[in-house]
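The structure appears below as structure tokens.
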Amino acid sequence: METIIVKNIAKSFGKTEAVKDVSFKVSPGIIFGLLGPNGSGKTTSIRILLDIYQPDRGTVEILGGPMDEGKLNKIGYLPEERGLYQDVEVNRCLTYLATLKGMSKEQIAQRLPVWLERFDLTAHQKKKNKELSKGMQQKAQLIAALIHEPEIIIIDEPFSALDPVNTQLVKDLLIELRNQGKTIVMCTHQMNQVEMLCDRLVLIDHGQVLLEGSLEEVRERFASNQILIQSDNPLPQEIAGVESIVKEGLHYRLTPSGNLTAHDLLRELVRQGINLNTFQVAVPSLDEIFIQVVKEGRNDHEQND
């Protein structure tokens, strides 16, 4: 059963239509990427999902029905903007935020030291939040989002201000939570992290869904017939069945002609005695797909205006 079902939601602020028609479903045990450029409607969609805004149209189902107070305590939310009380000590702030999620003092006393140790904040827990670095504040806010062991986790730019070591720590944690069956919705502009973590994704712009599917489905949809190879030998200017050969750094990009398959091309290269170090079908990066889909969507939007 899907944990989150968003059906045709729309929301306007005055004459500005922030969300026009957004639908998606999220199942437990996956990391779901909610993607889009700035001003696309992502944040408004999240706030509708969290019952902060009421949609003008459409519905949201959380854990089998409408949102209520009990379900809010089963959600952990990491906003992009930090929401820590800056003049309060870290441990006092996190303790207070945990009580807002219905945790008892005994539960907090058991869990908070474990989280502080995991995020290497134990030695800093008596500092005021404003005395922490941006990366440390990000880790403290992650603790606030996760300490009550929510069933649904919504995280907006989770890797903001984190160094490579702490980025890996958070990635490992997200994979661990996914494997525990948690429902995770991740918003980020870092497409490399989406490629590494997300099982499914939806891309929205101008308040509408432009692309949805599993990572494999999205890649297959935008795959080309081009081949990338590496060779110690310079390639001949012409290869039978190849329309163009372009040198790109250490790789050559080959565009086959007609119905020539990758297998046929590999056989032809071997026949010509070309020494191959690598041979792979060229798959566009998620960054490239993101840019292409957004550009096409905006062109359609301008034509329809």
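Each value in this text was obtained by applying a stated rule to the coordinates, not by laboratory testing. Quantities reported herein were computed from a predicted structural model and do not represent experimental measurements. As a convention, Cβ positions derive from the backbone with ideal geometry for all residues, glycine included, and neighbour counts pool all protein chains shown.
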* **Sequence-separation-based contact order of the range 198-305, relative, with Cα cut under 8 Å and 6+ spacing, percent** => 30
* **Expected 222 nm ellipticity per residue - DSSP helices of 4 or more, -39500 (n - 2.57), all of the chain, to 500** => -11000 deg cm²/dmol
* Asked: What do you get for Rg/Rh over the range 35-133 if you use C-alpha atoms and the Kirkwood form of Rh?
  -> 1.04
* Under 26 Å Cα to Cα from LYS101, which lysines show up? Leave out anything in the same chain fewer than 8 places away. => LYS25, LYS42, LYS71, LYS74, LYS126, LYS127, LYS128, LYS130, LYS134, LYS139, LYS171, LYS182
* Distance in nm between label sites at ASP163 and GLU2, each 7 Å beyond Cα in the beta-carbon direction? -> 4.2
* For the range 4-220, build the charge dipole from Cβ charges (+1 Lys, Arg; -1 Asp, Glu) around the Cα centre, then report which of PRO66, LEU132, TYR53 sits farthest towards its positive end. => LEU132
* Asked: For the pair ASP51 and SER133, what calculated FRET efficiency results from E = 1/(1 + (r/R0)^6), where r is the Cβ-Cβ distance and R0 = 22 Å, to the nearest 0.05?
  -> 0.10
* Asked: Kirkwood Rh over Cα pairs of the range 4-220 into Stokes-Einstein at 4 °C, 1.567 mPa s: D in µm²/s?
  -> 72
* Within the range 51-148, trypsin sites (Lys or Arg not before Pro) in DSSP loop having at most 11 other beta-carbon neighbours inside 10 Å -> LYS126
* **Residue order, fewest to most beta carbons within 10 Å, for MET196, MET103, MET67** => MET196, MET67, MET103
* Using R₀ = 25 Å, calculate the FRET efficiency as 1/(1 + (r/R₀)^6) where r is the Cβ-Cβ separation of SER244 and VAL283; round to 0.05. => 0.85
* Can you list residues whose amide H is under 5 Å from ILE204's amide H, if they're 5+ apart or on another chain and H is modeled 1.01 Å from N? -> LEU35, GLY36, LEU210
